[in-house]
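What follows is a short report on a single structure.
The values are calculated or read from the model by the stated rules, or taken from the named source; none is laboratory data. As the structure is a prediction and not an experimental result, all values here were calculated from the model. Note that we place each Cβ from the backbone using ideal geometry, even for glycine, and neighbour counts take in every protein chain shown. Surface accessibility is based on the protein's heavy atoms, side chains included, excluding ligands, DNA and RNA. Shrake-Rupley method; radii C 1.70, N 1.55, O 1.52, S 1.80 Å.
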Number of protein chains: 12
Amino acid sequence: MTEHTYKTIELTGSSAESSDQAIQNAIAKASETIKNLHWFEVVETRGYIEQGGVKYWQVTIKVGFRIED
Amino acid sequence: MTEHTYKTIELTGSSAESSDQAIQNAIAKASETIKNLHWFEVVETRGYIEQGGVKYWQVTIKVGFRIED
Amino acid sequence: MTEHTYKTIELTGSSAESSDQAIQNAIAKASETIKNLHWFEVVETRGYIEQGGVKYWQVTIKVGFRIED
Amino acid sequence: MTEHTYKTIELTGSSAESSDQAIQNAIAKASETIKNLHWFEVVETRGYIEQGGVKYWQVTIKVGFRIED
Amino acid sequence: MTEHTYKTIELTGSSAESSDQAIQNAIAKASETIKNLHWFEVVETRGYIEQGGVKYWQVTIKVGFRIED
Amino acid sequence: MTEHTYKTIELTGSSAESSDQAIQNAIAKASETIKNLHWFEVVETRGYIEQGGVKYWQVTIKVGFRIED
Amino acid sequence: MTEHTYKTIELTGSSAESSDQAIQNAIAKASETIKNLHWFEVVETRGYIEQGGVKYWQVTIKVGFRIED
Amino acid sequence: MTEHTYKTIELTGSSAESSDQAIQNAIAKASETIKNLHWFEVVETRGYIEQGGVKYWQVTIKVGFRIED
Amino acid sequence: MTEHTYKTIELTGSSAESSDQAIQNAIAKASETIKNLHWFEVVETRGYIEQGGVKYWQVTIKVGFRIED
Amino acid sequence: MTEHTYKTIELTGSSAESSDQAIQNAIAKASETIKNLHWFEVVETRGYIEQGGVKYWQVTIKVGFRIED
Amino acid sequence: MTEHTYKTIELTGSSAESSDQAIQNAIAKASETIKNLHWFEVVETRGYIEQGGVKYWQVTIKVGFRIED
Amino acid sequence: MTEHTYKTIELTGSSAESSDQAIQNAIAKASETIKNLHWFEVVETRGYIEQGGVKYWQVTIKVGFRIED
């Protein structure tokens with residue numbers, strides 16, 4: 001049985017819709033170029049404000065993926 | 001007037017739907033066996049990824065409840 | 001080009017609906033009296049529990065705004 | 001000589017009198033049902049305010065006790 | 001039922017007497033100008049030393065109050 | 001597919017031999033009474049010193065297990 | 001001898017020149033409207049980048065001042 | 001006007017009486033051998049438990065003192 | 001004398017044997033593709049549990065390496 | 001309007017001159033190979049000492065850049 | 001019964017062999033000049049890398065000892 | 001090749017001039033009595049304010065030095 005190594009990168013996704021969707025957008029973008037995305041962890045939730053409401057949700061996540069053997 | 005004591009436990013709820021629902025699932029599960037659930041606090045938001053999207057939201061919360069006198 | 005100064009205040013919004021809406025409520029309330037609200041950052045997500053579910057989401061945020069020159 | 005295992009639980013004690021007494025109350029309550037309480041560590045000191053003074057001191061502690069062999 | 005917004009401010013109270021009294025002093029001072037003070041949370045406990053003893057206890061707290069609707 | 005809930009407890013294991021063994025001892029003790037132990041995470045590594053060496057390694061871990069449906 | 005109360009506010013100063021100057025700018029701005037500024041503490045140092053260099057240093061500080069008796 | 005340098009050391013005081021007294025005991029002990037003790041800051045509050053109550057309060061503080069020119 | 005720039009990446013190594021070996025495995029894997037690996041720092045030690053023992057040690061480290069001039 | 005994704009990397013810049021210059025050096029080096037550098041945030045400020053003075057300032061920063069669509 | 005005062009110092013031990021041995025080396029070195037060493041706590045685990053492996057484990061610990069009455 | 005032990009002490013340097021100079025002053029003062037000063041790490045940057053500007057920069061650093069064999 002193998003002993004894998006994982007790499008973690010830090011991404012910030014943004015969405016006009018919701019904090020969950022900002023996470024989904026970051027993961028969708030990362031999966032265009034990285035295989036084996038495995039898990040994520042929220043680091044920080046921020047956002048930009050316009051006219052008394054959230055204009056952009058910006059969620060920073062760590063995303064882990066398995067390094068190919 | 002009484003001076004209550006509260007106990008805090010740490011739970012991780014999971015949901016395929018949303019981060020808020022993962023919290024609701026953990027609380028619903030805990031309320032099956034614990035009375036007097038009072039408040040929660042988010043400790044960590046993580047999740048598993050499949051096919052470029054969040055497969056499971058996993059939110060770890062502290063849940064506080066009053067110890068019976 | 002000017003070098004602005006920003007002030008950050010800490011607010012806790014509450015909502016019966018969702019954690020995102022608790023943030024929106026705090027920002028809407030603050031924008032009644034403060035101009036130039038610029039960004040927010042989540043400090044803590046808590047909530048009150050009733051009958052095995054979340055009765056109130058309570059999200060504490062830092063909100064930054066530009067001080068008028 | 002034996003190698004013991006300890007368990008830590010998190011409690012919040014409250015007192016109208018002082019922060020130290022809130023800790024004593026939590027420990028007294030816990031000792032009604034748990035043997036071998038060994039040490040505590042303060043996690044957070046909070047309180048409720050009424051009429052310009054502290055109505056209730058609320059101190060959250062971790063309490064450690066030895067698991068019976 | 002309403003969804004209130006709370007504001008948190010950070011104060012440092014000082015007392016020659018005790019750490020608890022430093023908190024009481026900060027809350028008493030704040031309640032002269034702010035209505036609806038609701039809760040506090042200790043951020044930091046410091047003090048000045050003279051002649052081998054504590055001359056002033058200085059406790060920094062966050063104090064929360066409800067914003068009027 | 002089900003959405004499980006996990007509970008996390010905090011244990012301190014001790015060992016005269018090594019820091020890894022202190023973790024193993026805590027897990028072995030916990031598994032005597034809890035089924036479905038799933039993962040652990042190190043919170044703190046401490047120890048007692050005698051005669052210029054480590055007498056006891058004491059490692060505090062969080063241990064997670066699945067709550068039975 | 002009196003027991004003062006201090007209030008702490010959080011400001012972000014910006015400067016094209018240096019991180020120290022960003023702090024000076026925030027303090028100069030605050031002193032236009034607040035008397036008795038007493039101390040500051042750096043919370044975070046950030047900045048915006050343009051053309052391979054720092055365009056704006058942005059330093060967030062806590063600033064403490066004595067509340068008038 | 002001179003630009004002093006301060007050194008900070010970490011001490012744990014213990015007291016059977018109160019958490020404040022544990023701090024006083026540590027400062028009194030340190031002042032037997034160190035001149036110019038200036039300020040302290042609480043790092044951690046712990047204690048030992050016997051018979052359902054606090055046997056010893058143990059408070060760890062950082063203590064700062066001016067280095068002689 | 002030159003002023004080097006270093007990059008830090010975050011890796012999680014796993015090992016069935018020990019926590020130290022999990023770190024060695026992550027470094028060995030990284031050194032297959034990155035030159036000039038210089039130092040590491042432990043971020044988190046976790047593991048998976050099977051049959052009352054540690055099945056896999058999983059240690060997350062930051063690894064720093066010099067960027068080629 | 002688009003919803004961008006940002007990536008954050010961690011760099012340590014060094015300078016014999018000043019802490020600000022160590023940051024500038026890291027950003028200058030990164031901009032040789034990465035387009036769209038957007039912001040930085042200081043993680044840690046360290047340095048090497050020789051002959052009673054700072055020989056090298058070493059500042060670790062997170063640098064964020066926009067991922068190309 | 002006496003109320004002791006403890007002092008804590010911070011040491012970094014190094015070892016080519018293992019992280020546990022780096023701790024042992026620091027404690028052995030300290031015990032050459034300090035009596036009454038009592039406990040330690042790990043602050044940070046780092047190391048230097050050469051040829052795809054750990055050349056030196058470097059573990060920073062806090063070590064506590066009782067101050068003589 | 002030897003396995004050195006290092007000790008870390010915590011100092012606060014002050015300077016009317018700049019935050020970097022406050023660090024230099026602390027290191028210069030320490031090097032009067034300690035040999036083998038090796039590295040420093042910034043713990044906290046604070047300062048005193050007078051007349052709308054920084055009167056004293058006060059930077060707390062950890063300084064590490066090799067213990068003589």
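A 1.4 Å probe run over the protein assembly as shown, with the rest of the protein chains in place, finds 44 Å² accessible per residue.
In sequence order, segment A:33-45 has phi-based couplings of 10, 10, 8, 6, 4, 10, 8, 9, 8, 6, 9, 6, 10 Hz under the Karplus curve 6.51 cos²θ - 1.76 cosθ + 1.60, θ = phi - 60°, and Gly or Pro positions carry x.
For H:33-40, what's the mean count of beta carbons from other chains sitting within 10 Å of each residue's beta carbon?
On the way: counts 1, 1, 0, 1, 6, 4, 8, 8.
Mean partner-chain Cβ count within 10 Å for H:33-40: 4.
In a reduced charge model with +1 at each Lys and Arg Cβ and -1 at each Asp and Glu Cβ, segment H:6-66 shows a dipole moment near 280 debye about its Cα centre. Between the residues A:Ile67, A:Thr5, A:Tyr56, the greatest Cα displacement towards the positive end of the dipole of chain A, with unit charges on the Cβ of Lys, Arg, Asp and Glu, is found for A:Tyr56. Put the Cα centre of segment G:1-61 next to the Cα centre of chain K and the gap is 38 Å.
Which GluC sites (Glu not before Pro) from chain B combine a DSSP loop assignment with at most 13 other Cβ atoms within 10 Å? Mind showing how you got there, number by number?
Working: sites: B:Glu3, B:Glu10, B:Glu17, B:Glu32, B:Glu41, B:Glu44, B:Glu50, B:Glu68; in loops: B:Glu3, B:Glu17, B:Glu32, B:Glu68.
In loop regions of chain B (DSSP not H, G, I, E or B), the sparsely surrounded GluC sites (Glu not before Pro) are B:Glu32, B:Glu68.
Extending 7 Å from the Cα toward the beta-carbon at both K:Val43 and E:His38 defines two label points whose distance is 3.9 nm. Near F:Lys55, the amide H atoms lying under 5 Å from its own belong to F:Tyr48, F:Ile49, F:Glu50; only residues 5 or more places off or on other chains count, and H is placed 1.01 Å from N.
Mind pulling the angle between the C-alpha long axis of helix F:19-30 and the longest principal axis of chain F? Nearest 10 degrees, somewhere in 0 to 90. Tilt of helix F:19-30: around 40 degrees.
Using a simple charge model, +1 on the beta-carbon of Lys and Arg, -1 on the beta-carbon of Asp and Glu, nothing else, what dipole does the protein assembly as shown show about its Cα centre, in debye to the nearest 20?
Numbers: 84 positive and 120 negative charges, 0 e Å.
With only Lys, Arg, Asp and Glu charged at Cβ, the dipole is about 0 debye.
Legend: residue pairs B:Lys62/J:Lys7; G:Lys62/K:Lys62; E:Lys29/E:Lys55; D:Lys29/E:Lys29; C:Lys35/G:Lys62; C:Lys7/J:Lys35, Cα-Cα distance threshold 24 Å; pairs beyond threshold, B:Lys62/J:Lys7; G:Lys62/K:Lys62; D:Lys29/E:Lys29; C:Lys7/J:Lys35.
Provide, as a two-decimal number, the C-alpha radius of gyration of chain B over 2.2 N^0.38 Å, N being how many residues it has.
On the way: Rg = 14.3 Å, N = 69, 2.2 N^0.38 = 11.0 Å.
For chain B, the normalised Cα radius of gyration is 1.30.
Using a 1.4 Å probe and counting only protein heavy atoms, how much accessible surface gets buried when H and L come together, both sides summed, in Å² to the nearest 100? Buried surface at the H/L interface: approximately 1100 Å². Solvent-accessible surface (1.4 Å probe) assigned to A:His38 amounts to roughly 70 Å².
Over chain A, what is the relative contact order in percent, taking alpha-carbon pairs closer than 8 angstrom and at least six residues apart?
Over chain A, the number comes to 44 percent.
Can you pull out the trypsin sites (Lys or Arg not before Pro) in chain J that DSSP calls coil and that have at most 14 other Cβ atoms within 10 Å? Let's see the in-between values first.
Details: sites: J:Lys7, J:Lys29, J:Lys35, J:Arg46, J:Lys55, J:Lys62, J:Arg66; in loops: J:Lys35.
Hits after loop and neighbour filter: J:Lys35.
For the protein assembly as shown, a/c is less than 1.5, where a ≥ b ≥ c are the root eigenvalues of the C-alpha gyration tensor. That puts it in the rounded class.
Computed per residue of chain C from DSSP H runs no shorter than four, each worth -39500 (n - 2.57), the mean residue ellipticity at 222 nm is -5500 deg cm²/dmol.
The two copies C and I are related by a rotation, and the chain C beta carbon nearest its axis, with distance in whole angstrom, is C:Glu44, 12.
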